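Asks: I am attaching a structure below and will ask some questions about it afterwards.
The values are calculated or read from the model by the stated rules, or taken from the named source; none is laboratory data. In this text, all values refer to a predicted model and were calculated from it rather than measured experimentally. In this analysis, Cβ positions are derived from the backbone assuming ideal geometry, glycine residues included, and neighbour counts consider all displayed protein chains. Note: areas computed on protein heavy atoms with side chains; ligands, DNA, RNA excluded. Shrake-Rupley method; radii C 1.70, N 1.55, O 1.52, S 1.80 Å.
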Amino acid sequence: MKHIISLLILFLCCTSLHAQDRVVEQPAFEVRNTNTLEFQKIILNDTATIMYVDAYYRPKYWIKIVDETTLEANGKSYRIKAGDGITLNEEFWMPESGTASFRLIFPPLPKDTKTIDFIEGNDKGAFKIWGIRLDGKTPTVDFPNVKKPEKAPVLEKPELKSGIATLNGKFIGYKPGMDEELPIWVFNILTAGADQNTINVKPDGSFKLEIPLLHISSVVLSGNSVVHTRFYMKPGETTSVEINMPEICRAQSKIQSSKPSLGNKFYFTGALADINNDLANNPVEEPSFSVRSQEEYDQMMKDISTMTVDQYKEYWTEKYQKAVDQLSQLTGISDAHRQLIAMKLKHELADQLLGYRAIEYAYRQTNKIPKDSVLVNYVKPIATQDYFNFLPELLSNDPYFIYNSNVAYLLRGLQFINFTGKDIKLEKDEKFPDNTADIARIMGTDKGFLFDMLAAQKLAASISEFRPLDEQELAKANTLNPALKEELIKMNDKLKLTIEENKKKSGYTVNRVNIADIPSEELFNAITTPYRGKVVFVDFWATWCGPCRMAMKETEPVKKEYEGKDVVFLYLAAENSPKGTWEQMIPDIKGEHYRVTAEQWEYWGKKFGINGVPSYMVVAKDGTPVHFQVGFMGVDKMKEMINKELAK
């Protein structure tokens, strides 16, 4: 069959040499849902339409072009005939370079065809590129001009005030076949997480979303594989945005990016419009000293592995100062934008300095010493009280710090820092001691926005772990800012209602096998034995793992497809997932559930290579593990693997 296809390709290409060719070099396009495919040129003649494709994707990962791929032109579909350098319907593995070239051959098009759409099937994730120009022209876009404000944008002082923020928007250039649902993330300073909301896009590209907020909040909109932007919203007010899809797609194209701009990418009106337009339409490479590559990480670990605590502090402070110097030389940005970058750098340094325990981890990793091995002749790094004198300068005790969404994680981590200058040893299940007094001593006060947020975070953490607030905690909530108190009471009441509703739920099973006395080396087999004759999809997860929960949400519709079939969904967590939290979360996760000891989990980690969650395994009908990977593979690959084993 491949021989016949090769002859067909040779015939079409050779015939095209004798036909009258029309060559379109680097054709412009209107919009697309992928950055993977670029068209270097298109040859059109009486016998074929040949598209010269450059593909860009992660090395050692695959892409696929299906035989249902069509060119849409003048109301008609022209189905692909063959590939040259790529086999249709087969996985094409990308080389180490992450780039590859091939040709796609389609039937001839009418000579008067000016634009075509490239549609690689109708599955979610299929490559789609609309409005490819065959007439040498570039698309035009009717998009508003962002007028320079009369005054430079300023950062409005945030205040705690509960209210509904409304987002009105429209994707200019939106096409049927683009994502109809898009995630929008709101960073929640109370839970130190990101709350996912969903935008439902109408056929004309418009959308509307109402989001409950407690303060000015950082929001991230991501979708259609090409749009990713961060902006701010305000409780009780409306923000509107128009999104210039043709310009965003042009700017991201490796071929078209050098061509003339099609206007601003975003046009904000309403609440915080000036700062949002400034940030969205004037992107800069912000100075940073975070590790950005594996090579940088390896070098950093080697550098700090032999340091004292003070040397570690000097090491990161020098990197911070270089970034600050770069910021001072940065031109073309507003003072408000500069203020945001400066704040981010300060929080970045605070995060690194608070993480001085990385010295010991680096020492173990550099010298290949397992974490459970005793270190001989090693002085454990313990910071003195004076070490933390950087805190007041880097973390302000005012509400402006909430403009940086990462401060939520910084505050959360701050509550688990040992400021005493002495080693703290905790017994199993013992909580880390309250360090608020230590923080107050360093900051010179126990009052202010910072301390309200720290107290509120602690109470919210209890609720997030499915533990309703007790009388003492409720009394503490009553002493906080009224908006914080109201939000915590609301969260607490919602939790109590959820606990009652969970008692009525079914569709999940806990500890089908009594695992208490089973040796670690026999445990996995003991758990999976009852499912012999069925395909088992195993999810290694944790209650505190955001990516785990996101993947579970994606897989829920898939699980419904396998109802009544020989497929089992098995969820395995460790005791670092708090028992109460785990018990309240699993009623919404249909399947089989186990919570194992740290020792049992560690054995699985070494045996299977679980170096992070989520991790996944597919177990064949005979009990043999046939696939394992860290990180979610996506629903399409998930179904492909399950179906492959089901068919055996």
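Asks: May I ask you to derive the relative contact order of the chain, considering only C-alpha pairs under 8 Å and at least 6 residues apart, and to give it as an integer percent?
Replies: 9 percent
Asks: Sort 380-386, 318-324 by packing, meaning the average of other beta carbons within 10 Å per residue, with the highest value first.
Replies: The densest-packed peptide leads the list: 318-324, 380-386.
Asks: Once you order the gyration tensor axes a ≥ b ≥ c over the Cα atoms, which shape class does the range 400-458 get: rounded for a/c under 1.5, otherwise prolate or oblate by comparing a/b with b/c?
Replies: prolate
Asks: For Lys124, which lysines qualify as cross-link partners when the Cα separation must be under 21 Å and same-chain residues fewer than eight apart are set aside?
Replies: Output for Lys124: Lys64, Lys175, Lys202, Lys553, Lys559, Lys560, Lys637, Lys639, Lys644.
Asks: Using amide H atoms built in the peptide plane, which far-off residues or other-chain residues are under 5 Å from Thr238 H to H?
Replies: Excluding prolines and chain starts, which carry no amide H, the hits are Thr166, Ala271.
Asks: Measuring from centroid to centroid over Cα atoms, what is the spacing of the range 221-241 and the range 580-596 in Å?
Replies: 33 Å
Asks: If you roll a 1.4 Å probe over the chain with all protein chains in place, what percent of the accessible area is carbon or sulfur?
Replies: Roughly 50 percent, rounded to a whole number.
Asks: Additional query: Could you tell me which of Pro370, Val568, Leu104 has its Cα farthest along the dipole of the chain towards the positive end, charges placed at Cβ (Lys, Arg +1; Asp, Glu -1), taken about the Cα centre?
Replies: Leu104
Asks: Divide, for the range 305-375, the radius of gyration over alpha carbons by 2.2 N^0.38 Å, where N is the residue count.
Replies: Computed over Cα atoms of the range 305-375, the ratio equals 1.48.
Asks: At 7 Å along the Cα-to-beta-carbon direction for both Asp566 and Ser240, put a label point, then send me their distance in nm to one decimal.
Replies: According to this spin-label approximation, the distance is 5.9 nm.
Asks: While we're here: Excluding residues fewer than 8 places away in the same chain, name every one of the lysines whose C-alpha is closer than 24 Å to that of Lys322.
Replies: Lys302, Lys313, Lys344, Lys346
Asks: Tell me, what HN-Hα J-couplings in whole Hz come from the Karplus equation 6.51 cos²θ - 1.76 cosθ + 1.60 at θ = phi - 60° for each residue of the range 537-552, using x for Gly and Pro?
Replies: For the range 537-552, the Karplus curve yields 9, 9, 10, 8, 9, 8, 5, 8, 8, x, x, 4, 5, 5, 5, 4 Hz.
Asks: Let me ask another. Let me know the shape class of the range 440-511, please: from the alpha-carbon gyration tensor, a ≥ b ≥ c as square roots of the eigenvalues, rounded when a/c is under 1.5, otherwise prolate if a/b is greater than b/c, or oblate.
Replies: Since a/c reaches 1.5 and a/b is larger than b/c, the shape of the range 440-511 is classed as prolate.
Asks: Quick check for you: with a 1.4 Å probe and neighbouring chains kept, what is the accessible area per residue of the range 504-646, in Å²?
Replies: Computed with neighbouring chains in place, this is 47 Å² per residue.
Asks: What are the residues whose amide H is under 5 Å from the amide H of Ala82, where those residues sit 5 or more places off or on another chain and H is modelled from the backbone?
Replies: When sequence neighbours closer than 5 places are left aside, the close amide H contacts are Ile105.
Asks: Highest mean first, how do 331-337, 259-265, 356-362 rank when packing is the count of other Cβ atoms within 10 Å averaged over residues?
Replies: By packing density, highest mean first, the sequence is 356-362, 259-265, 331-337.
Asks: Output wanted: per-residue J couplings in Hz (rounded whole) for the range 374-382, from phi through Karplus 6.51 cos²θ - 1.76 cosθ + 1.60, θ = phi - 60°, x for Gly and Pro.
Replies: Karplus values, whole Hz, x for Gly and Pro: 6, 8, 9, 6, 10, 8, 5, x, 10.
Asks: Straight-line reach from Lys425: which lysines have Cα under 17 Å away, leaving out those fewer than 8 places along the same chain?
Replies: Within reach: Lys371, Lys380.
Asks: Counting DSSP beta bridges with both partners in the chain, what percentage is antiparallel, nearest 5?
Replies: In the chain, approximately 80 percent of DSSP beta bridges are antiparallel ones.
Asks: For the chain, count all C-alpha to C-alpha pairs, find those more than 35 Å apart, and express that count as a whole percent of the total.
Replies: Of all Cα-Cα distances in the chain, 55 percent exceed 35 Å.
Asks: In the range 394-426, which chymotrypsin sites (Phe, Trp or Tyr not before Pro) are in a loop and have at most 12 other Cβ atoms within 10 Å, using DSSP for the loop call?
Replies: Those that pass, being in a loop and sparsely packed, are Phe416.
Asks: Using 0.36 nm per residue, how much length does the chain from Gln321 to Lys428 gain when fully extended, once their Cα-Cα distance is taken away?
Replies: So the extension gain works out to 34.5 nm.
Asks: Please report the spacing between the Cα centers of the range 307-378 and the range 154-173 in Å, no decimals.
Replies: When both Cα centres are located, 33 Å separates them.
Asks: Rounded to the nearest whole Å², what accessible area per residue is found for the range 125-166 with the 1.4 Å probe?
Replies: Result: 64 Å² of accessible area for each residue.
Asks: So how tilted is helix 482-502 from the main axis of the chain? Cα-based, degrees 0 to 90, rounded to 10.
Replies: Between the helix axis and the principal axis of the chain, the angle is about 70 degrees.
Asks: Whole-Hz Karplus ³J(HN,Hα) for the range 24-35, in order, using 6.51 cos²θ - 1.76 cosθ + 1.60 and θ = phi - 60°, x for Gly and Pro?
Replies: Here the 3J(HN,Hα) series is 10, 8, 6, x, 6, 9, 8, 9, 7, 10, 8, 10 Hz.
Asks: I've got another one for you. What number, in percent, do you get for the relative contact order of the range 310-461 if the mean sequence gap of Cα pairs under 8 Å and at least 6 apart is divided by its residue count?
Replies: 23 percent
Asks: When a/c is below 1.5 the answer is rounded, else prolate if a/b is larger than b/c, else oblate, so apply that to the range 470-596 with a ≥ b ≥ c taken from the square roots of the Cα gyration tensor eigenvalues.
Replies: prolate
Asks: Give, as a single signed number, the net charge of other residues whose beta carbon lies under 13 Å from the beta carbon of Ile304, with Lys and Arg counted +1 and Asp and Glu -1.
Replies: That sum, taken over residues with Cβ under 13 Å, equals -2.
Asks: By how many degrees, 0 to 90 and rounded to 10, does the Cα axis of helix 294-304 deviate from the longest principal axis of the chain?
Replies: Value to nearest ten degrees: 20.
Asks: Let me ask you something else. Amide H of Gly591: which non-local residues (sequence gap of 5 or more, or other chain) have their own amide H closer than 5 Å, using H built in the peptide plane?
Replies: Residues meeting the criterion, in which the H sits 1.01 Å from N, are Tyr508, Thr509.
Asks: Continuing with the same structure: Within the range 100-185, list the GluC sites (Glu not before Pro) lying in a DSSP loop whose Cβ has at most 10 other Cβ atoms in a 10 Å radius.
Replies: Glu150
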